[in-house]
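Heads up, the thing below is written out as structure tokens.
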Protein chains: 2
Amino acid sequence: MDKSLFTKHISQKFNQELENVRQRVLTMGGMVEEQIGDSLEALASLDSNLCKKVIERDEKVNAYEVSIDEECARILAKRQPAAGDLRLVVAIIKTITDLERIGDEAEKIAHMANHIALSLEDSMPSKKQFGAVMHLGSHVKTMLNEALDAFARLDVEAALKVAQKETTADKEYNAITRQLITYMMEDPRSITSALDVMWSARALERIGDHARNICEYVIYLVEGKDVRHVSLEEMEKLAQGRQE
Amino acid sequence: MDKSLFTKHISQKFNQELENVRQRVLTMGGMVEEQIGDSLEALASLDSNLCKKVIERDEKVNAYEVSIDEECARILAKRQPAAGDLRLVVAIIKTITDLERIGDEAEKIAHMANHIALSLEDSMPSKKQFGAVMHLGSHVKTMLNEALDAFARLDVEAALKVAQKETTADKEYNAITRQLITYMMEDPRSITSALDVMWSARALERIGDHARNICEYVIYLVEGKDVRHVSLEEMEKLAQGRQE
């Protein structure tokens with residue numbers, strides 16, 4: 001982290017506290033990445049044990065959110081941070097909400113995988129459709145990984161690049177939905193499991209949204225500008241303005 | 001609001017600032033309630049103009065979120081609030097995120113309604129199914145209304161009651177999904193519009209989740225306890241502990 005962005009504190013302990021909480025966000029992020037990876041593997045393998053593991057581990061993610069939140073409230077109360085330090089704490093409070101919701105989406109995918117595994121007697125969506133969902137999954141997992149990297153390095157350009165990738169995630173999601181609808185129409189016995197695949201794709205698309213949110217907080221943190229609800233073009237202009 | 005919960009400030013201006021930002025949250029909440037109501041009306045009437053109105057108005061909701069967020073950051077930096085005041089500001093930052101996402105869900109319903117309106121040639125879900133969705137919609141709209149009331153009056157008992165209502169919303173949502181799946185299987189030509197109805201029901205179920213989140217912030221604000229990821233029984237125990 002480019003520490004020059006933040007105030008040098010007379011209190012070495014305050015520096016340490018900020019650094020600790022930042023590190024814990026990254027640890028929580030890593031845990032959530034693992035949850036996405038495992039939920040995708042569970043969907044590919046329809047392995048009920050892995051589904052169970054993902055579902056149970058969501059509690060750990062939730063506990064991280066509550067504990068980081070408490071630490072942020074404590075820092076706000078005790079240290080009364082200003083400027084960049086305050087933006088860091090606010091960005092963390094928002095980031096962990098998105099990380100926790102990504103964890104919820106991974107848990108949902110594990111539930112869907114379990115549901116599909118239990119209904120193997122029905123007609124199943126084809127490998128091609130699962131393949132498209134896996135592709136989307138790998139795409140949004142990379143988005144989250146890069147968003148966390150941008151957060152760790154306070155890198156606005158990297159954050160912008162991740163935000164741009166959301167368009168691809170949306171396109172892939174729409175294509176999957178269209179394919180699945182055709183499939184359901186052709187073989188109505190497949191509707192239940194096709195819907196499970198569709199909900200999984202939806203969960204992945206939302207993970208992409210949350211990764212984009214995290215990038216927006218990185219930009220807010222570094223630039224002091226709120227770029228939520230701003231179009232990609234406008235976000236790029238902001239970044240260009242910076243480079244000039 | 002029971003102002004005794006909060007520090008009496010020597011600065012009359014600080015009191016005024018906190019009260020103003022609290023009022024703006026309630027205004028934003030009222031706007032979001034209207035969005036839910038209009039999106040449900042659009043779904044019932046399949047009125048494209050009303051759909052458009054809801055979709056366009058979402059920008060206003062977004063602008064409210066950004067501006068209240070900025071005001072909160074300003075108060076944190078300038079006033080360095082402690083204890084109950086700090087919790088109020090943190091609870092507001094979290095509440096407006098949920099309100100904004102409820103606005104997004106209302107916008108999605110309007111998109112679905114528009115989509116159904118444009119595909120009238122297809123086989124349509126029956127009035128019965130629309131009726132069930134409307135019922136769920138009215139249930140979660142009431143939940144949001146009561147959550148905002150609990151926030152305005154800092155009423156923990158009321159907040160708990162709203163949180164309990166989420167179970168009913170989940171049950172209604174599951175019943176709608178089951179009905180629609182049966183319907184799609186019987187008449188595959190209805191799949192596209194039945195899915196639009198299903199997404200709308202899903203959006204309503206999520207609105208119920210967000211209303212529950214707001215109630216959890218009210219409890220955190222008043223009690224200083226984080227009740228997220230805590231079961232309903234545990235939440236009730238907390239409230240009982242209070243009454244004893």
The range B:56-79 and the range A:63-119: distance between their alpha carbon centers, rounded to Å: 20
Sorting from shortest, the nanometre distances separating the label point of B:Asp170 (7 Å past Cα along the line to Cβ) from those of the same residue in the other copies are 3.2
Relative contact order in percent for the range A:1-101 (Cα pairs under 8 Å, 6+ apart) equals 36
To one decimal in nm, how far is B:Glu236 from the same spot in the other copies, if labels go 7 Å from Cα toward Cβ? Please give the shortest first. 5.6
Taking a label point 7 Å out from Cα toward Cβ, give me the nm distances from A:Ala152 to the same spot in the other copies, shortest first, one decimal. 4.7
Taking the rotation axis that maps chain B onto chain A, which residue of B brings its Cβ closest to that axis, and at what distance in whole Å? B:Gln80, 2
Cα-based helix-to-principal-axis angle, B:48-79 vs chain B, degrees rounded to 10: 20
Any of B:Lys78/B:Lys165; A:Lys13/A:Lys141; A:Lys165/B:Lys52; A:Lys141/B:Lys52; B:Lys94/B:Lys165 with alpha carbons more than 31 Å apart? Name them for me. B:Lys78/B:Lys165; A:Lys13/A:Lys141; A:Lys141/B:Lys52
Least to most buried among A:Ile214, B:Ile116, B:Ile181 (fewest other Cβ within 10 Å first): B:Ile181, B:Ile116, A:Ile214
Between 0 and 90 degrees, rounded to the nearest ten: what's the tilt of helix A:191-223 against the longest Cα principal axis of chain A? 10
Using only Cα atoms and rounding to the nearest 10 degrees, what angle (0 to 90) does helix B:232-243 make with the longest principal axis of chain B? 30
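Values quoted throughout were computed directly from the atomic coordinates according to the rules given, and no laboratory measurement underlies them. Given the structure is predicted, the values throughout are model-derived calculations rather than measurements. In this analysis, Cβ positions are derived from the backbone assuming ideal geometry, glycine residues included, and neighbour counts consider all displayed protein chains.
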